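Novice: Structure provided below as structure tokens; questions to follow.
What follows draws every value from the coordinates through simple rules; no lab data is involved. Since the structure is predicted, the reported quantities are computational estimates derived from the model, not experimental observations. Neighbour counts run over all protein chains shown; Cβ positions are idealised from the backbone, glycine included.
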Amino acid sequence: MSFSTTPAVIAIHGGAGTLSRASISPEQQARYRAALDEILRSAQASLADGAAAIDVVTEAVRQLEECPLFNAGRGAVYTADARHELDACVMRGSDLAAGAVAGVRTLRNPILAARAVMEAGEAGGPVLLIGDGAERFAAEHGCETVAPEWFDTPERLAQLHAMQATDSTALDHDGASQLAPTVPAPLDERDKFGTVGAVALDAHGHLAAATSTGGMTNKRPGRVGDSPLVGAGCYANDRTVAVSCTGVGEAFMRGLAAYDVSALVEYVGLPLRFAAKRVVMDKLPPLGGRGGLIAVDARGNVALPFNTEGMYRGWARVGEAPVSAIYADEAGPEQ
């Protein structure tokens, strides 16, 4: 077994949106940073022990799904018919293996279901499963199922009622700001995109990416965004980069945002920081693509660009202190 000379690294995100420092107390802000830091430390320790990138990103996103602060898993937003429809994707850079699920309602951790699909795909199975079929497949492969009510949180239900009162639809958990100051958050919930994700380079030089989301508040039942789509919201290739996106899903789908970063690195020869910025700052905005992405390349470079005022994000290299950030004026690697 060979080891890379590049230190292993993990980056995670929990959504992007508009800056709202004035509406949050230091204690509330600290809750978000603490959640990010805890997940980063766990991932960093696994990478230090030689864990594979695919295992590290899967576990990091599973932990994000378990945290009701973020719109994935428990704490996911509601559809227009007051239910939850969850999407997730995972991809391994060494062989381009990928798995995804969409529109699932009873799987406690959609990212684990996506992983099961990926592993089945190694024997010629599907890459993407949806709805009831995805749930049956995941249950047969040992994924935990729960009652749909397990995902309920009063804050998300209040967001749905607020959006329905105005007959509008909010991307991810944008609707909560209509409840402020009852439900404050570091990012303005009217303009916040709640996908979660992780990307990593492991000690063996392999890349992986994982993305998960609850979708849009008051979305039309059956709507699927970019998160479970390979090349749109999630992509990993050992030759280039691992990417996880968060933002206006339809724009990221039309722009193939995650793959576009890889293509700019591979075919144009752009350094990661320039490739990621070109996609987020130049190519997505004309499509209505507000949001951001996290990426790590085969050399261990990290980029976390976003075209909103803030993005929940963090990164940690083996041997260095983890760093978490929310606002645009908090400098990060390659920003």
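Novice: Taking K and R as +1 and D and E as -1, what net charge do the other residues with C-beta under 12 Å from the C-beta of Ser262 add up to?
Specialist: Here the charged neighbours net out to -3.
Novice: Please report, in debye to the nearest 20, how large the charge dipole of region 49-136 is about its Cα centre when each Lys and Arg carries +1 at its beta carbon and each Asp and Glu carries -1 there.
Specialist: It comes to approximately 200 debye.
Novice: Something else now. Over its Cα atoms, what ratio of radius of gyration to 2.2 N^0.38 Å does region 4-149 give?
Specialist: Working: Rg = 16.6 Å, N = 146, 2.2 N^0.38 = 14.6 Å.
So region 4-149 has a normalised radius of gyration of 1.14.
Novice: Something else about it: Contact order normalised by length for the chain, with contacts defined as Cα pairs under 8 Å and 6 or more residues apart; what percent is it? List each step's numbers first, then the result.
Specialist: Working: 967 pairs, mean separation 84.0, N = 335.
Once divided by the residue count of the chain, the mean separation gives 25 percent.
Novice: Could you give the dipole magnitude of region 21-178 about its Cα centre, charging the beta-carbon of Lys and Arg +1 and that of Asp and Glu -1, in debye to the nearest 20? Don't skip to the answer; put the middle values down first.
Specialist: Values: 13 positive and 24 negative charges, 58 e Å.
With Lys and Arg at +1 and Asp and Glu at -1, about 280 debye.
Novice: Assuming R0 = 30 Å, what is the FRET efficiency of Glu250 and Leu96, from their Cβ-Cβ distance, to the nearest 0.05? Spell out each step's value before the answer.
Specialist: On the way: r = 25 Å, r/R0 = 0.82.
Calculated transfer efficiency: 0.75.
Novice: Calculate for the chain the 222 nm mean residue ellipticity that helices alone would give, adding -39,500 (n - 2.57) per DSSP H run of length 4 or more and normalising by residue count, nearest 500 deg cm²/dmol.
Specialist: Mean residue ellipticity, 222 nm, calculated: -8000 deg cm²/dmol.
Novice: Check the cysteines of the chain one by one and keep only those with no other cysteine Cβ under 4.7 Å from their own.
Specialist: Cys67, Cys143, Cys245
Novice: Considering the dipole of the chain built from charges on the beta carbon (Lys and Arg +1, Asp and Glu -1) around the Cα centre, which of Ala158, Ile326, Leu40 is farthest to its positive end?
Specialist: Going by the Cα projections, it comes out as Ile326.
Novice: Same structure again: Which of Leu270, Asn301, Gly247 sits closest to the plus end of the dipole of region 232-335, meaning its Cα is farthest towards the positive end, when Lys and Arg get +1 and Asp and Glu get -1 on the C-beta?
Specialist: Of the options given, the answer is Leu270.
Novice: Looking at Ala116, Gly99, Ser25, which one has the Cα that reaches farthest to the positive end of the dipole of region 1-126 (charges on Cβ: Lys, Arg +1; Asp, Glu -1)?
Specialist: Result: Ser25, furthest along the dipole toward the positive end.
Novice: Quick check on the exposure proxy: order Ile130, Ile12, Ile111 from fewest to most C-beta atoms within 10 angstrom.
Specialist: On the way: Ile130 18, Ile12 30, Ile111 34.
By the 10 Å Cβ count, ascending: Ile130, Ile12, Ile111.
Novice: Taking the Cα centre of the chain as origin, work out the dipole magnitude from +1 charges on Lys and Arg Cβ and -1 charges on Asp and Glu Cβ, in debye rounded to 20.
Specialist: 460 debye
Novice: Can you sort Arg108, Arg41, Arg220 from fewest to most other Cβ atoms within 10 Å of each residue's own Cβ?
Specialist: Arg220, Arg41, Arg108
Novice: Okay, moving on. What is the Cα radius of gyration of the chain over 2.2 N^0.38 Å, N being its residue count? Walk me through the numbers before you get to the answer.
Specialist: Values: Rg = 17.9 Å, N = 335, 2.2 N^0.38 = 20.0 Å.
Scaled against compact globular proteins, the figure is 0.89.
Novice: Could you list Asp81, Asp37 so that the one with the fewest beta carbons within 10 Å of its beta carbon is first and the one with the most is last?
Specialist: Exposure proxy ranking, most exposed first: Asp81, Asp37.
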